[in-house]
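Where a number appears in this text, it was derived from the coordinates with a stated rule and is not lab data. Small disclaimer: the values here were computed from a predicted structure and weren't measured. Neighbour counts are summed over all protein chains in view; Cβ atoms, including those assigned to glycine, are modelled from backbone coordinates with ideal geometry.
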Amino acid sequence: MLYRAMNAAASGMDAYIFNLDVIANNLANAGTTGFKRSRTNFEDLYYQYYRPPGSSDVNGNVLPEGIFAGSGVRVAAVQPDFTEGSLLQTGRQEDVAIEGKGFFQVQDSNGNFFYTRNGQFTRNAEGTLVIASANRSLILQPPISLNSDVTDVSISADGVVSVLQSGSTEFQQVGNIQLTLFVNPEGLLHEGETLFSETPASGPAQTSTPGALGYGLLRQSFLEASNTEPVKELVDLIKTQRNVELNSQVVQASDQLLQLVSNLRRF
């Protein structure tokens, strides 16, 4: 019995220490554009029944309750939270935020597709709109190119990109920004760099025009901030710390009782 208590408490310590890693990542990315926080979901483990509910006593009467003991807890899943972060005005023409549901679709040099809420677009040497990270640049899909003589850029709420070229007085349309949805965005694979990739759990990518049924709208010169709430994360941090402490006390109490039993002497 005491060993089971120690193992159950140890599983609790292990699960909550893992939760500490998730909270730390959320807080570390509180200032990361387009970042989506995650939460840890727990589930209880196997129960050992000494008398299951519904058993009968010696007289054949059904007993309303059973006798059982649980064996601890484990991490069931880490669930990303895709609630929208605050929109921050930047004044930069190539910055775009999504107001509502959807992801930008980008592609790397190997032809792999990724999806992101980070709209920090810039131009590469060819004038194509890309998202640049510390190690690589990813081309917005479908590609949109801006010539070197472009003096003004306009991005409408429904994704139409128009430019004003030097010497011209009228805007000309050069492309359309598309958005992508998934049946289960929580099933996307985290790739780092605020990028996600498609998995069988997420379902296939569904691309359409911003503002279409179920798709969000675009906001030029805005960026979406991280949806991490530092106060909430700090409260979760304190709760996690207390849960680890409580489980450690169970381990200590079980150890003291085992020591007491092992020191018993027959007189």
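Overall shape: prolate for the range 87-224, with the ratio a/c of the largest to smallest alpha carbon gyration tensor axis at 1.5 or above and a/b above b/c.
Between Val183 and Asn110, the modelled label-to-label distance comes to 2.8 nm, taking each label 7 Å out from Cα in the direction of the beta carbon. Helical runs (DSSP H, four residues minimum) scored at -39500 (n - 2.57) apiece and divided by the length of the chain put the mean residue ellipticity at 222 nm at -8000 deg cm²/dmol. Here the extension length gained between Ala76 and Ala157 equals 25.2 nm, from 0.36 nm per residue of separation less the Cα-Cα distance. Seen against the Cα atoms of the chain and their longest principal axis, helix 2-28 is set at about 20 degrees.
If contacts are Cα pairs under 8 angstrom and at least 6 residues apart, what is the relative contact order of the chain in percent?
With pairs under 8 Å counted, the relative contact order is 26 percent.
Rounded, prolate or oblate for the range 1-154? Axes are the square roots of the Cα gyration tensor eigenvalues, ordered a ≥ b ≥ c, and the cut-off for rounded is a/c under 1.5. In terms of gyration-tensor shape, prolate.
With the Cα gyration tensor of the range 199-250 giving a ≥ b ≥ c as the square roots of its eigenvalues, does the rule (a/c under 1.5 for rounded; else a/b larger than b/c for prolate; else oblate) give rounded, prolate or oblate? Here the range 199-250 falls in the oblate category.
Set against the 2.2 N^0.38 Å expectation for a compact globular protein, the range 133-207 has a Cα radius of gyration ratio of 1.45. Working note: Karplus 6.51/-1.76/1.60 with θ = phi - 60° gives the range 122-127 the couplings 9, 9, 8, 5, 8, x Hz, where Gly and Pro are set to x.
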